[in-house]
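Heads up, the thing below is written out as structure tokens.
The values are calculated or read from the model by the stated rules, or taken from the named source; none is laboratory data. Predicted, not measured: the structure shown is a model, and the values here were computed from it. When we count neighbours, we look across all protein chains shown, and the Cβ atoms used for this are built from the backbone with ideal geometry, even at glycine. When the accessible area is computed, the model is the full protein with side chains, heavy atoms only, and any ligands, DNA or RNA have been set aside. Shrake-Rupley method; radii C 1.70, N 1.55, O 1.52, S 1.80 Å.
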Amino acid sequence: MIDSQTPCRDLEVLSCRPGSDPSLIDLVLSAPGWTCKPGQFVMIRPAHWGVELVWPRPFSVCDVSDKGLRIIFQTVGRGTRKLAELEPGQKVTVWGPLGRWFRIDEARPNLILAGGVGIAPFVMLARRERTDNLSMLFGHRLDLEHYPYDEIAARIKSEAMQQKTPADIAQFETVLSERIKALAGVGQVLACGPEPMLKVVRKYCLLHGTDGQVSLENRMGCGVGACLGCVCKTTAGDYVQSCVHGPVFDVRDIELGV
Amino acid sequence: MIDSQTPCRDLEVLSCRPGSDPSLIDLVLSAPGWTCKPGQFVMIRPAHWGVELVWPRPFSVCDVSDKGLRIIFQTVGRGTRKLAELEPGQKVTVWGPLGRWFRIDEARPNLILAGGVGIAPFVMLARRERTDNLSMLFGHRLDLEHYPYDEIAARIKSEAMQQKTPADIAQFETVLSERIKALAGVGQVLACGPEPMLKVVRKYCLLHGTDGQVSLENRMGCGVGACLGCVCKTTAGDYVQSCVHGPVFDVRDIELGV
Amino acid sequence: MDQKVQLGPLTLKNPVITASGTFGYGLEFMRYGDLSAIGAICLKGISLAPRAGNPMPRIAETPCGMLNAIGLQNVGVEKFLKEKLPYIPAGATLIANLYAQTPEDFGELAGIFSTEDKIAALEVNISCPNVREGGVQFGQDPHMAAAVVGAVKKRSGTKPVIVKLSPNVTDVRVIAKAAVDAGADMLSLINTLSGMSVDIRTRRSRLANVVGGLSGPAIKPVALRMVHQVAQAVNVPIIGMGGITSAEDVLEFILVGAHAVQIGTYNFMRPDNAFRLVEEVRVLAESLGIESWDDYRGTLQV
Amino acid sequence: MDQKVQLGPLTLKNPVITASGTFGYGLEFMRYGDLSAIGAICLKGISLAPRAGNPMPRIAETPCGMLNAIGLQNVGVEKFLKEKLPYIPAGATLIANLYAQTPEDFGELAGIFSTEDKIAALEVNISCPNVREGGVQFGQDPHMAAAVVGAVKKRSGTKPVIVKLSPNVTDVRVIAKAAVDAGADMLSLINTLSGMSVDIRTRRSRLANVVGGLSGPAIKPVALRMVHQVAQAVNVPIIGMGGITSAEDVLEFILVGAHAVQIGTYNFMRPDNAFRLVEEVRVLAESLGIESWDDYRGTLQV
Ligand SMILES: Cc1cc2nc3c(=O)[nH]c(=O)nc-3n(C[C@H](O)[C@H](O)[C@H](O)COP(=O)(O)OP(=O)(O)OC[C@H]3O[C@@H](n4cnc5c(N)ncnc54)[C@H](O)[C@@H]3O)c2cc1C
Ligand SMILES: Cc1cc2nc3c(=O)[nH]c(=O)nc-3n(C[C@H](O)[C@H](O)[C@H](O)COP(=O)(O)OP(=O)(O)OC[C@H]3O[C@@H](n4cnc5c(N)ncnc54)[C@H](O)[C@@H]3O)c2cc1C
Ligand SMILES: Cc1cc2nc3c(=O)[nH]c(=O)nc-3n(C[C@H](O)[C@H](O)[C@H](O)COP(=O)(O)O)c2cc1C
Ligand SMILES: Cc1cc2nc3c(=O)[nH]c(=O)nc-3n(C[C@H](O)[C@H](O)[C@H](O)COP(=O)(O)O)c2cc1C
Ligand code: FES
Ligand code: FES
């Protein structure tokens, strides 16, 4: 998992563009010289940031190749709002790839459950050679064109549901439950999205006995296992660093509260 | 001195250009809607600054008209380096004009003594209608073309001396002394520049009994007389705020150390 | 929303007060806003005799904060009453900030202000250094704090007495309780944290006084923690401060138990900040559905 | 310039030490640099029994700083010695950071580490909360501090003992002297300042533990002031820390009297920062004409 040839490096911003919705930013950095698995992430801190914000920020690798490292993020707070102001040519310190990835079961159906910007890690997943056993259910708040949904839907069977009202959310939960139930014993789900959605996914996986993996987005201070700020409670009762032991966990291994 | 119609306002950056030397920046903001006297200053704080640097920064008004507010500054620390990154369209909070100005003696010769970027306030002074009783001696470290020297020299009799070595500095001090002595009882000097130069000017003014005004560049927290951080010791032994009672002081009113 | 707050005997239009030493005598800010729109103005610390203050440099910028060692420069109470107070527009709610080096002098100052109609309340600054051997302050010793408060209360007449606490203590609740037991009508906190900044090239402190007081956003977490602790330890209104630079920050202090707040270093960042904040606080409170400060204050779930 | 520093019995290649709790067991940073190039590595706090630590959330970002309430999660000394220590490359200078709730347990921990060849020194964390009524800490009471230091010194054999001081005190010199009188070979300071951060919408603290420890650039002025005070009050080597994020900051601490420094929160900003700093400190010192740390240390002109 850890490649000693990939320490921390300064990459150059190639582009930093708001999508059709200005709160979603598509950031491309120069090629980092490594590749990674879907679900792994990087820590990012612009070289010119002062010390007002002391932490780097974690983001899933949306895609990586010799053309560059792509990240898709939503502006939710001070850090992401500052990141959104990056301009081509500026330097960004990046370390990664970090953490554990989504493990595909080649023999059985794998259903991707993506919520909002949680779709990011699945862009590179959809680029894999074998996609016949992959499908995706995507829940989203903004209109579909704001997300990289089409890139994925062009390669794997995909379906999207928009949530605008509480009724939509309840409806999405019902569909999640049905799909998870249908996969019990025959396949697995791979989920990334807001924490409330992950809780629902875990609940139904356990209820129906379906295999599932979820990617957590705990607050992170360091990304390398040192600060112990990002821990997740395991079913064994321990706290483990989600930056090292996750962010992708088997639903059976962790607790998530309700 | 105080115009109740000129509170604090957000101006737009029209241009922010390094001069031929990258450590000297020529900043033009949109017109503030006021005019001022040479030697007055403004406090500046870009609207997008976070809270890492808590203070605004004081700068002499280099020029102001309905075309804009011009400032020339040198990058010496964290604040000025950040200011140098301003881009057209960004908003900058400005309050001013602040403080007391250079008082011209219309009846007698007025010799400007400018050191380095201390030349800034004299750009607008040189634009006044009557310039026959004005002349300037300019001491500078960088090559002359980096400063707005020509703009001034085009209108008033000017002379420049470059200081590159300690010998140059000693030579400059000698010339300063001679010019100040020559004006004893017949004219006055108006000085703006680094503190060591101002100390020299004050010393020779007192020694030769020449009238003189100096513009201090004390560290400032607020610019409005409230923090008491910018005080200057008067010959009466009091501390007075240089942002309100200065920055331009009569050499006879203040102490400057040695 | 009606922003009014009641601090014991003191009624304020809104919870935004400007902090002592950061808003001059109010006069300096008249061109930037309407002084009577602010909850109250805490005046620069005033002593019996005029004080010249410390030599320069007196201020230094630090990460998200600043140090000051002004040394309580002020014109003295007599000159203040004659040359400053009359010019502050009626309508502004004024709080005098008292500084002295002995309990007796504190009492005398309180006596003088007790008869000034324009002064709504007295704030007692017991965080002044160098009042006895070893640099311990009134505000660092519960007995000395109580002595000062007692002396002030004896002479303060009907003026509410606010005691301003130092954060440079092991347990702020101990001093808070001592001040309340000695008769404090209210507490305000925090004053600055003692700190230093040095220049590695000149090998000198950036302050002539060597040590100074740290203020600004850097200290907000410490201030919030202390306000929270004190709010649970005493039963008088609390005025919280330390690093406030937004409406959100104001609500944080009220959430942990403050009745009102003071704005210090933020006044330097832009001279009309206090005026703007009054309005921003109202807008934010309304957006959160807060109908009165009494409903929101101290509702932190722990 | 030879960056070597001598801290009493302890020799370090250079004055840059990574601070406890911010550099894991060193292992987490092996891919980012050569552990043996750093002056020393202070390991994450270790207790006799494993500790699960506090519930989430445990960290919050604040202006120029962060709060943590990890709750000293660690695998316990036994597992540490079996599963972590053997994997840390020889060549790295290691300092064990000890945490316990009684002087006896501190002594027992010291006894265990006293025979570990790979451990160069012991750092005693006496800033741990909740060891007796009212949340007062060993580090806030000179008698309790002395009791812990005494217990550790009795069992520490030839290992130098560093006592890590809390900044949450009225006068840090009192605790510093008590620790030195009780036998401390060195002092390190500061640990985190007690602070809070709250969310005005959820009306909850941003830390499940409500209160946490403030670190990062925000606290640097307080740290410098305390190191300066302690350096003048005691005669043992001092390790300074609090908010260091540059070579310049390192020299500031040495200027006010520190023999060495620790780097905490800065390790999070970029995992190779400590490694880079070793070199940057050398370059800066040379540019200032500093030939040995002994010549520069404590030369602040006051
Ligand atoms: C492994 C991992 C992968 C991630 N991948 C992506 C990605 O691909 N795209 C993307 O947009 N985001 C991603 N995130 C979330 C992203 O890191 C956060 O949104 C970001 O750190 C918030 O920073 P901020 O300064 O803008 O917000 P802050 O100012 O720190 O916080 C703003 C608000 O967001 C909340 N918040 C803080 N941290 C998080 C968090 N980690 N998740 C959700 N809310 C948070 C705060 O409580 C607060 O209410 C990922 C997080 C992790 C841990
Ligand atoms: C009334 C007035 C008018 C001014 N006009 C101009 C002008 O027209 N053009 C211009 O370039 N500068 C001018 N200055 C100086 C300018 O304000 C400072 O250079 C600036 O504030 C430094 O900010 P900084 O963050 O870059 O430096 P800091 O990081 O604050 O300091 C960097 C270094 O500069 C020193 N320093 C700090 N403040 C000052 C200061 N006021 N003067 C000199 N050194 C300082 C510090 O001690 C430190 O060594 C003026 C100052 C005043 C008070
Ligand atoms: C320049 C300056 C001068 C101050 N003078 C006084 C004073 O005279 N009396 C007083 O009680 N507090 C004084 N203070 C402390 C402030 O009132 C306030 O307690 C402190 O700055 C913390 O608030 P802040 O972080 O919002 O600035 C002063 C603070 C500053 C920055
Ligand atoms: C996440 C975190 C965990 C910490 N854990 C410990 C610890 O286990 N033992 C200890 O003595 N100090 C601990 N500290 C305190 C640091 O060692 C250091 O004293 C403090 O962070 C100040 O330095 P800084 O500002 O450089 O971070 C911890 C600090 C942080 C941020
Ligand atoms: S983010 Fe620091 S341990 Fe995971
Ligand atoms: S800068 Fe604040 S009083 Fe002059």
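I need every pair where a residue in segment A:130-150 that is at pLDDT 90 or above has its Cβ under 8 Å from the Cβ of a residue that is of a type in the set (Val, Ile, Thr) and open to solvent by 30 Å² or more (accessible area, probe 1.4 Å), sequence separation at least 6 or different chains.
Matching pairs, first to second residue: A:133/A:104; A:134/A:104; A:147/A:117.
Across segment B:158-200, which residue is surrounded by the fewest Cβ atoms within 10 Å (Cβ to Cβ) among those that are in contact (Cβ under 8 Å) with a residue 60 or more places away in the chain and over 21 Å from the mean Cα position of the chain (by Cα)?
Ranking the candidates gives B:186 first.
Against the condition surrounded by 22 or more Cβ atoms within 10 Å (Cβ to Cβ), hydroxyl-bearing (Ser, Thr, Tyr), more than 16 Å from ligand 1 (Cβ to nearest atom) and away from every other protein chain (no Cβ under 14 Å), how does residue B:242 come out, does it pass?
No, not satisfied.
State the number of residues belonging to segment D:38-54 that are at the interface with chain A (Cβ under 7 Å from one of its Cβ atoms) and open to solvent by less than 10 Å² (accessible area, probe 1.4 Å).
0
Would you check if residue A:208 is more than 16 Å from ligand 2 (Cβ to nearest atom), assigned by TED's automatic domain parsing to the domain that holds residue A:114, touching a helix residue (DSSP H, G or I) at 6+ places or on another chain (Cβ under 8 Å) and not β-branched (Val, Ile, Thr)?
yes
Being away from chain B (no Cβ under 14 Å), in contact with a Pro (Cβ under 8 Å, 6 or more places away or on another chain) and either open to solvent by 50 Å² or more (accessible area, probe 1.4 Å) or not small (Gly, Ala, Ser) (or both), is that true of even one residue in segment C:55-72?
No, because not a single residue in segment C:55-72 is away from chain B (no Cβ under 14 Å), in contact with a Pro (Cβ under 8 Å, 6 or more places away or on another chain) and either open to solvent by 50 Å² or more (accessible area, probe 1.4 Å) or not small (Gly, Ala, Ser) (or both).
Applying the selection to segment B:211-231, what residues are buried (at least 22 other Cβ atoms within 10 Å of the Cβ) and either more than 14 Å from chain C (Cβ to nearest Cβ) or assigned to a strand (DSSP E or B) (or both)?
Passing the criteria: B:212, B:213, B:214, B:215, B:231.
Being part of a loop (DSSP other than H, G, I, E, B) and touching a Cys at 6+ places or on another chain (Cβ under 8 Å) is the filter; apply it to segment A:26-54 and report the residue that is surrounded by the fewest Cβ atoms within 10 Å (Cβ to Cβ).
The qualifying residue surrounded by the fewest Cβ atoms within 10 Å (Cβ to Cβ) is A:51.
Could you pull out the residue among A:60, A:23 that is crowded, with 16+ Cβ neighbours inside 10 Å, within 16 Å of ligand 5 (Cβ to nearest atom) and either assigned by TED's automatic domain parsing to the domain that holds residue A:230 or among the polar types (S, T, N, Q) (or both)?
A:60
Residue C:192 versus (1) open to solvent by 30 Å² or more (accessible area, probe 1.4 Å); (2) within 15 Å of ligand 3 (Cβ to nearest atom); (3) more than 12 Å from every other protein chain (Cβ to nearest Cβ): which is the lone unmet condition?
Residue C:192 satisfies all of (1) open to solvent by 30 Å² or more (accessible area, probe 1.4 Å); (2) within 15 Å of ligand 3 (Cβ to nearest atom); (3) more than 12 Å from every other protein chain (Cβ to nearest Cβ) except (3).
A quick yes/no check of all residues on (1) more than 16 Å from ligand 6 (Cβ to nearest atom); (2) out of contact with any Asp or Glu (no Cβ under 6 Å at 6 or more places or on another chain); (3) open to solvent by 10 Å² or more (accessible area, probe 1.4 Å); (4) at the interface with another protein chain (Cβ under 7 Å from one of its Cβ atoms):
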{"position": "C:174", "(1), (2), (3), (4)": "yes, yes, yes, no"}
{"position": "C:216", "(1), (2), (3), (4)": "no, yes, no, yes"}
{"position": "C:225", "(1), (2), (3), (4)": "yes, yes, yes, yes"}
{"position": "C:228", "(1), (2), (3), (4)": "yes, yes, yes, yes"}
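In the list C:291, C:248, which residue meets the criterion of being away from ligand 2 (no atom under 16 Å from the Cβ) and within 30 Å of residue B:9 (Cβ to Cβ)?
Numbers: C:291 fails: within 30 Å of residue B:9 (Cβ to Cβ).
Matching residue, one of C:291, C:248: C:248.
Please pick out the residue among A:23, A:30, A:65 that is in contact with a His (Cβ under 9 Å, 6 or more places away or on another chain) and either more than 8 Å from ligand 1 (Cβ to nearest atom) or within 29 Å of residue C:64 (Cα to Cα) (or both).
Among A:23, A:30, A:65, only A:23 is in contact with a His (Cβ under 9 Å, 6 or more places away or on another chain) and either more than 8 Å from ligand 1 (Cβ to nearest atom) or within 29 Å of residue C:64 (Cα to Cα) (or both).
Examine segment B:224-232 for a residue that is in contact with a Leu (Cβ under 8 Å, 6 or more places away or on another chain) and either more than 16 Å from ligand 3 (Cβ to nearest atom) or without any contact (Cβ under 8 Å) to a residue 12 or more places away in the chain (or both), and state whether such a residue exists.
Yes, because at least one residue in segment B:224-232 is in contact with a Leu (Cβ under 8 Å, 6 or more places away or on another chain) and either more than 16 Å from ligand 3 (Cβ to nearest atom) or without any contact (Cβ under 8 Å) to a residue 12 or more places away in the chain (or both).
Inspect all residues belonging to segment B:66-78 and state whether any of them is more than 16 Å from ligand 5 (Cβ to nearest atom), farther than 30 Å from residue A:51 by Cα, under 16 Å from the mean Cα position of the chain (by Cα) and buried (at least 23 other Cβ atoms within 10 Å of the Cβ).
There is at least one residue in segment B:66-78 that is more than 16 Å from ligand 5 (Cβ to nearest atom), farther than 30 Å from residue A:51 by Cα, under 16 Å from the mean Cα position of the chain (by Cα) and buried (at least 23 other Cβ atoms within 10 Å of the Cβ).
Check off (1) open to solvent by 10 Å² or more (accessible area, probe 1.4 Å); (2) touching a Ser or Thr at 6+ places or on another chain (Cβ under 9 Å); (3) within 14 Å of chain D (Cβ to nearest Cβ) for residue A:208 and give me the number that stays unchecked.
Here residue A:208 meets the rest and fails (3).
Considering only residues that are over 13 Å from residue D:58 (Cα atoms) and assigned to a strand (DSSP E or B), look in segment A:241-255 and name the one that is nearest to ligand 3 (Cβ to nearest atom).
Among those residues, the one meeting the criterion is A:247.
Give segment C:73-103 a look and list any residue that's away from every other protein chain (no Cβ under 13 Å), at pLDDT below 95 and either buried (at least 23 other Cβ atoms within 10 Å of the Cβ) or closer than 28 Å to residue C:145 by Cβ (or both), or say none.
Hits for segment C:73-103 are C:99, C:100, C:101, C:102, C:103.
Checking the structure you have, find out if any residue of segment A:52-66 is in contact (Cβ under 8 Å) with a residue 24 or more places away in the chain, more than 14 Å from chain B (Cβ to nearest Cβ), within 22 Å of residue A:242 (Cα to Cα) and among the charged types (D, E, K, R).
yes
Inside segment A:77-164, counting only helices (runs of 4 or more DSSP H) that do not spill past its ends, which hold 1 or more residues that are more than 14 Å from every other protein chain (Cβ to nearest Cβ)?
Qualifying helices (runs of 4 or more DSSP H): A:120-126, A:149-153.
Is it true that residue D:158 is without any contact (Cβ under 8 Å) to a residue 24 or more places away in the chain and at negative phi?
Details: without any contact (Cβ under 8 Å) to a residue 24 or more places away in the chain: no; at negative phi: yes.
So residue D:158 does not fit the description; no.
For segment D:1-31, which residues satisfy the criterion of being outside any loop (DSSP other than H, G, I, E, B) and open to solvent by less than 20 Å² (accessible area, probe 1.4 Å)?
Residues satisfying the conditions are D:5, D:7, D:10, D:12, D:16, D:17, D:18, D:29.
The rows are residues; the columns are (1) within 16 Å of ligand 5 (Cβ to nearest atom); (2) not small (Gly, Ala, Ser); (3) not in a strand (DSSP E or B).
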{"site": "C:194", "(1), (2), (3)": "no, no, no"}
{"site": "C:201", "(1), (2), (3)": "no, yes, yes"}
{"site": "C:219", "(1), (2), (3)": "no, yes, yes"}
{"site": "C:222", "(1), (2), (3)": "no, yes, yes"}
{"site": "C:249", "(1), (2), (3)": "no, yes, yes"}
{"site": "C:268", "(1), (2), (3)": "no, yes, yes"}
{"site": "C:285", "(1), (2), (3)": "no, no, yes"}
{"site": "C:291", "(1), (2), (3)": "no, yes, yes"}
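For the structure I just gave you, tell me whether residue C:261 is β-branched (Val, Ile, Thr), in a strand (DSSP E or B) and either within 12 Å of chain B (Cβ to nearest Cβ) or more than 16 Å from ligand 2 (Cβ to nearest atom) (or both).
Yes.
All but one of (1) within 16 Å of ligand 6 (Cβ to nearest atom); (2) open to solvent by 10 Å² or more (accessible area, probe 1.4 Å); (3) hydroxyl-bearing (Ser, Thr, Tyr) hold for residue B:93; state the number of the condition that does not hold.
Of (1) within 16 Å of ligand 6 (Cβ to nearest atom); (2) open to solvent by 10 Å² or more (accessible area, probe 1.4 Å); (3) hydroxyl-bearing (Ser, Thr, Tyr), only one is false for residue B:93: (2).
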